[in-house]
Structures are given as C-alpha cells and as structure tokens.
1. Mind giving me the FRET efficiency for residue 123 and residue 36? R0 is 25 Å, r the Cβ-Cβ distance, nearest 0.05 is fine.
2. Would you work out the relative contact order for segment 42-125, in percent, from Cα pairs under 8 angstrom that are 6 or more residues apart?
3. Can you give me the pair-distance distribution of segment 77-129, C-alpha pairs, 10 Å bins, whole percents?
C-alpha cells in the first residue's frame, strides 16, 4: 500500500508541472527545467569547464590546460555560451599585458552543491574510466 507522500508506482517526484503549476499524479515526464539543465550542462565540455572553474578563477591558457583535450576554438565557444547563460564572468585586465580571467558568477556558484552531489554519486555508482 502506498502512502500519500509517495508517488504512485511507475511515476516520479520529478515530474512535469502543468501550466497552473500542479503536477499530475500520473505524470511520467521529466520536469522541463531539469531536462533543459541536463541539455545545457550535458553539452560536451560545459560541465567540465564549470567544474574546473569551481576550483577558482583561471585565464584561458590555464583553463585549457586544466580541462585537457579541448581545442582553443571550442573552449572559446563554450566560455561564450556559459557567459551568455550567466554562469561565467569574463574579466579583462587592460594590463599591460592584457589579461582575461574567467570565474563562476553567482548563478554558476549556485551549481556547486549540485556538482558536488554528482561527483559523490558518480564516485559511488560509476565504474572508473
């Protein structure tokens, strides 16, 4: 027998809300915001870049070295996407020499607990590469 606090068998507590905010008891769809978060953060390199910046600000070359295996053009493209999404702050120091640093914004830092939870889950549940 299922209690009122548990979702019906085969459904999830992470369900799609209707336009009025109610979550149908029989919904088996993933929440749209969760799907969008995984679409964006799951894009190749985005999660790794954010995870690297969670350790502190970096210049482009240092970030490329710490991420590993990413080309200059792809790193620049991903940093632009993350900046436009409001997750990364780009700071230019006019120098000389001119220096550009990247860091997580407040919204980016808000992802750190979720990233830490994913790290713990992956460490406990996924095979080592």
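1. Details: r = 26 Å, r/R0 = 1.03.
Calculated value: 0.45.
2. 31
3. So the P(r) values, bin by bin, are 22, 32, 29, 13, 4.
Readers should treat all values here as calculations from the given coordinates under stated rules, not as data from a laboratory. Since we're looking at a predicted model, the values are computed, not measured. A quick note on method: Cβ atoms are made from the backbone with ideal geometry, for glycine too, and the neighbour counts reach across all protein chains shown.
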